[in-house]
Amino acid sequence: MSVGLDIGTKTIKVVELSKDAKKPALKSAGAISYTLKTSIDKMQDEKELADLAQSIRKLLKDSKISSRKISISIPESLAYTRIMKFPLLNDQEIASAVKWEAEEYIPIPVKDAIIEHKILERQEVGNPPQVIVLLVAVLRELVEKYIKILSLINLEVVGVETELMSMARSLAVPEKTVLILDIGSVSTNIAIAKNEELFFSRSIPTAGDAFTRAVAQSLGVSMEQADQYKRTYGLTEKQLEGKVGKALLPIFGAVIEDVRKTIHYYQMETKGEAPATIILTGGTSGMPGVASALTKALNTEVVIGNPFAKVEVEPEAAKNLAPYSPLYSVALGLALRGD
Ligand SMILES: Nc1ncnc2c1ncn2[C@@H]1O[C@H](COP(=O)(O)OP(=O)(O)OP(=O)(O)O)[C@@H](O)[C@H]1O
Ligand SMILES: [Mg+2]
C-alpha cells in the first residue's frame, strides 16, 4: 500500500494505491474542505496544528485509508526549484559542484535547507555541450513541521517532494513535452515536464480566491455569491451579459502571461521544444471556459488532466472521487512514488 496526502489551502486530499499487481490500483481516495488560516510555514499555534491533524485523521478514517506510512508534498510556493547548467562533468563532479554553487541559486541558507538535485539531460552535441540539472531546495524546518503535525496522529512520513514533482508523475506523458497548469485556491503552479520528468517549475499567488475577489468587487456582490457566479458562469461570455467573464479576464490574463513566460524561459534555458499540450488541473480548472480561453490565447492543445489514467480504478473506490477528480493529481503522484 502506498498513501499520498496533499494538504492544500482549501482542500485536503488523500489517495491510497495498492501496488501488488503490475499496474497500481486505486484502493481509496477522499477529499475534505479545510481552510488553512495560516500557511503551514507560519503556523505556530499548537491548537491550530492539532486541529489540522485531527481533520486529517478524520479524512483518512472516512476514506478508509489503512496504511500509517504516507508521502507528502511541500507547496510549490515554499520550495525553490532551479535549473543549473554545467559543462560535461561526471555525476560525482556534478554532485559536488551543486553543493558548492547551490547557495547562489536559492534565497535560503544552504545549512538550513534540504537540497536534492537530479541530472535531467546531458546535451553532449549542443553548443556549448552542457548538463542540465534540476535543483530542489526546501527549508528543513518546514519539513519537520509537517512531520510533527502528522506524528500527532501517529502517521509516519516516508516521502517528501514538491507538488509539481508529484503532478509530473501523475499527469505527464512519456516521450512528450507538456505544460502542467495547476490552478488551486491561492496558488497557480506551472511546470514543464519532458518524458514524465519535471524540468521547470514556477508558482504564482494568483488562483481561485483571486478570481472570486475580482467578481465580488466588480459586481458588488458577497464572496459567496461571487464564488457561485465564478463556478457557474466562469469565463463564458454569454451569461449575465458577460459581466462575470469580464471581471475574471484581467486575472486570467495574468495567469496566461506567466504561462507564456514559463515556456519562453524553459526554451531559452534548456533549448527544449515548446510544450505540445497544456494539462490543466487543480480545483479552479473546473471553472467554465478555462480550457477554451487558454487554447485561444496560446494556440496550444489544452486538456483537463486525468490523474487516474495511470492506475487501475476499481468501481468501489471510484465512488469517492467526488466532487472533481482532477483535485487528486498531487496525492496520486505521491502515492505512485517508489517508497
Ligand atoms: N467547479 C469549480 N469551478 C471553479 N472553481 C472551483 C470549482 N471547484 C473548485 N473550485 C475552486 O478550487 C479551489 C480548490 O482547489 P484545490 O483543491 O486545487 O486548491 P488547494 O490545493 O486547496 O489550494 P492551493 O493549491 O492553492 O493551496 C477553490 O478555490 C475552489 O473555489
Ligand atoms: Mg493545491
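Laboratory data are not the source of any read-out in this text; all were calculated from the coordinates shown. Just so you know, these numbers come straight off a predicted model, no measurement behind them. In this analysis, Cβ positions are derived from the backbone assuming ideal geometry, glycine residues included, and neighbour counts consider all displayed protein chains.
Laid out as a table, the results:
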| read-out | value |
| --- | --- |
| Proximal charge balance of Met1 [Cβ under 11 Å; K/R count +1, D/E count -1] | +2 |
| Ascending count of other beta-carbon atoms within 10 Å, so fewest first, for Ile251, Ile56 | Ile251, Ile56 |
| Whole-number Å³ per residue for the convex hull built on Cα positions in region 78-139 | 74 Å³ |
| Karplus-derived 3J(HN,Hα), 6.51/-1.76/1.60, for each residue of region 23-38, Hz, glycine and proline x | 9, x, 10, 6, 8, 7, 7, x, 9, 10, 7, 7, 8, 6, 6, 10 |
| Value of [θ]222 nm, deg cm²/dmol, for the chain, DSSP H segments ≥ 4, -39500 (n - 2.57) each, nearest 500 | -11500 deg cm²/dmol |
| Amide hydrogen neighbours beyond the local backbone of Glu312, cut-off 5 Å, H modeled | Ala25, Leu26 |
| Length-normalised contact order of the chain in % [C-alpha pairs under 8 Å, at least 6 apart] | 22 percent |
| Per-residue ³J(HN,Hα) for region 158-165, Karplus 6.51 cos²θ - 1.76 cosθ + 1.60, θ = phi - 60°, Hz, x for Gly and Pro | 10, x, 9, 7, 8, 4, 6, 5 |
| Kirkwood hydrodynamic radius of the chain, from inverse mean 1/r over distinct Cα pairs, in Å | 20.9 Å |
| Distance from region 50-99 to region 271-301 (C-alpha centre basis), Å | 25 Å |
| Per DSSP, loop trypsin sites (Lys or Arg not before Pro) in region 1-43 with at most 14 further Cβ within 10 Å | Lys22, Lys37 |
| 3J(HN,Hα) from dihedral phi, region 134-151, Karplus parametrisation 6.51/-1.76/1.60, rounded to Hz, x for glycine, proline | 9, 10, 10, 9, 9, 5, 4, 4, 5, 4, 5, 5, 4, 4, 5, 4, 6, 5 |
| Choice from Val160, Val125, Val136 with maximal GNM fluctuation in the chain (Cα, 10 Å cutoff) | Val125 |
| Proximal charge balance of Glu104 [Cβ under 14 Å; K/R count +1, D/E count -1] | +1 |
